[in-house]
1. Restricting to the range 88-103, give me the number of residues that are assigned to a helix (DSSP H, G or I), in contact (Cβ under 8 Å) with a residue 12 or more places away in the chain and not hydrophobic (A, V, I, L, M, F, W, C).
2. Looking at the range 30-66 only, could you name the residues that are outside any helix (DSSP H, G or I), more than 44 Å from the chain's Cα centre (by Cα) and either surrounded by 14 or more Cβ atoms within 10 Å (Cβ to Cβ) or modelled with pLDDT of 90 or more (or both)?
3. Taking the conditions exactly as written (aliphatic (A, V, I, L, M) and within 22 Å of the chain's Cα centre (by Cα)), does Ala233 satisfy them or not?
4. Can you tell me which residues in the range 97-127 are open to solvent by less than 60 Å² (accessible area, probe 1.4 Å) and in contact with a Ser or Thr (Cβ under 9 Å, 6 or more places away or on another chain)?
5. Select from the range 1-26 the residues that are open to solvent by less than 40 Å² (accessible area, probe 1.4 Å) and closer than 20 Å to Asp194 by Cβ and list them in ascending order.
6. Out of the range 269-309, which residues are farther than 22 Å from Arg120 by Cβ and open to solvent by less than 70 Å² (accessible area, probe 1.4 Å)?
7. List the number of the failed condition for Tyr463; all other conditions in (1) touching a residue at least 24 places away in the same chain (Cβ under 8 Å); (2) aromatic (Phe, Trp, Tyr); (3) open to solvent by less than 60 Å² (accessible area, probe 1.4 Å) hold.
8. Is it true that Val245 is modelled with pLDDT under 95, of a type in the set (Val, Ile, Thr) and either open to solvent by 60 Å² or more (accessible area, probe 1.4 Å) or touching a Pro at 6+ places or on another chain (Cβ under 8 Å) (or both)?
Amino acid sequence: MSIALRAPTGQVLLYVKGADCTVLGALAPMRSGSAESAAYDRTRSLLSEYSRAGLRTLVMAKRTMQPALWEEWLAGHNRASEIGEGREKRLRESLARLESALTLVGATGVEDRLQENVPRTVRALLDAGIVVWVLTGDKPETAINIAYSAALFSQSDRLLHLMSRDKEHAESTIKNYLEGGVTEGGTGRALVVDGRTLTYILDRRSGLVAPFLSLARRCSAVLCCRATPLQKAYIVKAVKEELGVTTLAIGDGANDVSMIQTADVGVGLSGQEGRQAVMASDFALSRFKFIERLLLVHGHWCYDRLARMILYFFLKNATFVFLVFWYQLYCGFSSAVMIDQLHLMAYNLMFTAVPPIIMGAYDRVAPASLLIERPGLYSASRRGLAYRAHSYWLVLAESLYISIVIFFSCRTAYNDTDVDIWAFGDCCMTCCLVIMLVYVAIETRSWTVIQVIALCGSLASFYALTLVYGAVCVSCFNLPSTFHVMQHALADPIYWLVVVLTTAAALAPRLACHAVRNSSHPDAVGRAVQARRRHARSRLPYAAHYHTTTASAHVYRSTDEDGLQRSSDVASIT
């Protein structure tokens, strides 16, 4: 960063601050043994000392320019800023000419203490299987000390250094590491790379991006030092495109904006660095420690909710379409439907609209405290186990089975009767709706009052709308008349028998799969939830444990870890 000031004498004073590798390289030549040379050596020594102490360092320099020289540069810079091919390159060259022949002013070492719970948060992310890259502008010594303090590196880790001064050396170093027995997915190794080496690696003509990423995949953590804002964005882009993974970037300053915008998900931390990162991000947090809950809890919940909600949408719509398709076998494929037009319109708009939304907003696959205690459970979401490539076809097969059960059960029940098309359609519609609502109940992991209201309200809206419409509309909206069809169907025992039997038959495979999976082959989340429930029951007194298995809700005396007695309302799940 540079700033130009005009002195009362007319001279222009340019003050520059930045990283030592940049500012020291722009200093004017110094005579050996001069005062400037001694100050330079002393500053370099202090910078090394500050870095080893974990301080963040900056170097300051200045340049005194005569008015004529300043005006000449300013005119050239204005010409370089004109729109045209190579504008960015011309601007960089113009600024490089300005920030040259500098005189050293001094250096600073500032303690940048970590926020609270940063080591715990970083360790939780690593335990969850998330690969953590730290992209910083600090010196390697400072960045490594911070990495140890933040628990990104452990004392037992072997550090692989990539700090080269030319492309050939960088290429040979990466090759030696890859051929030196560094296995993929191994632990106990951490990669450290500096900004100059990143320049060679990120050059498209160098061909080093793929070998570098291959080496990075063999390390548990990656630390990029002296990285410029543009390099940060290029690294995120390379990881996202070359490795085909989902990337999340976290930043707190304006120099992190390009990185945040390049990543799939951007998180901005608001604080002393300003709000530029927050304004460019998808999520804004006040402290780094909240990343743990954002990913391991809300991220886990959100993925599981959305995956199961989308699969449910496929199921309910495919089942409804298959019902109409089976009817075509008996109407000569005349495109006639046995379901009332009002039901066709209201099926998605009203009858089955709210339950999936409630599932996608409130359902919880596991308690938040459990997901925090066991970060490894996040692997189910990280690996995308809730929605896989074959999930759609399994749901399609299940919807085909449910539609066959509904349609042909109704056809068998009303065989050789005088039932009309609309009564038959109302029975099929009721069976389909009840099965879809019970399906949501089976898939619900955590019950709330909102979910109960949504399910009961959906079924009540179906009967209320159908009964009112059938009672008052003899011929409405130019639709076929279904006057009093539902009223007669409710009085027919066959109608209720078909609804009960089809619901049981259609959902029996789903219940059987759940029973087998939860009993014999539960996933990691299921095993953790069951273990917590067993542990909670084992800590209760005998009488309280007896009541938890016999009552739906009760009040019992429990003992906290601090030994205090308290009364709690607990709903039994057994």
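The values are calculated or read from the model by the stated rules, or taken from the named source; none is laboratory data. Given the structure is predicted, the values throughout are model-derived calculations rather than measurements. Note: ideal-geometry Cβ built from the backbone for every residue, glycine included; neighbour counts use all protein chains shown. SASA here: full protein model, heavy atoms, side chains in, ligands and nucleic acids out. Shrake-Rupley method; radii C 1.70, N 1.55, O 1.52, S 1.80 Å.
1. Total satisfying the criteria: 3.
2. Going through the range 30-66, the residues outside any helix (DSSP H, G or I) turn out to be 30-34, 53-66.
Okay, now just the ones that are also more than 44 Å from the chain's Cα centre (by Cα), so 30-34, 62-66.
Within the range 30-66, Met30, Lys62, Arg63, Thr64, Met65, Gln66 meet the criteria.
3. Answer is yes for this residue.
4. Within the range 97-127, Leu98, Leu104, Gly106, Ala107, Thr108, Gly109, Val118, Pro119, Leu126 qualify.
5. Looking only at the range 1-26, we keep the residues that are open to solvent by less than 40 Å² (accessible area, probe 1.4 Å), and these are 7, 10, 12, 14, 16, 18-20, 23-24, 26.
Listed by number, the residues that qualify are Gly18, Ala19, Asp20, Val23, Leu24, Ala26.
6. Gly274, Ala277, Val278, Ala280, Ser281, Cys302, Tyr303, Asp304, Arg305, Ala307, Arg308, Met309
7. Answer for Tyr463: the failing condition is (1).
8. yes
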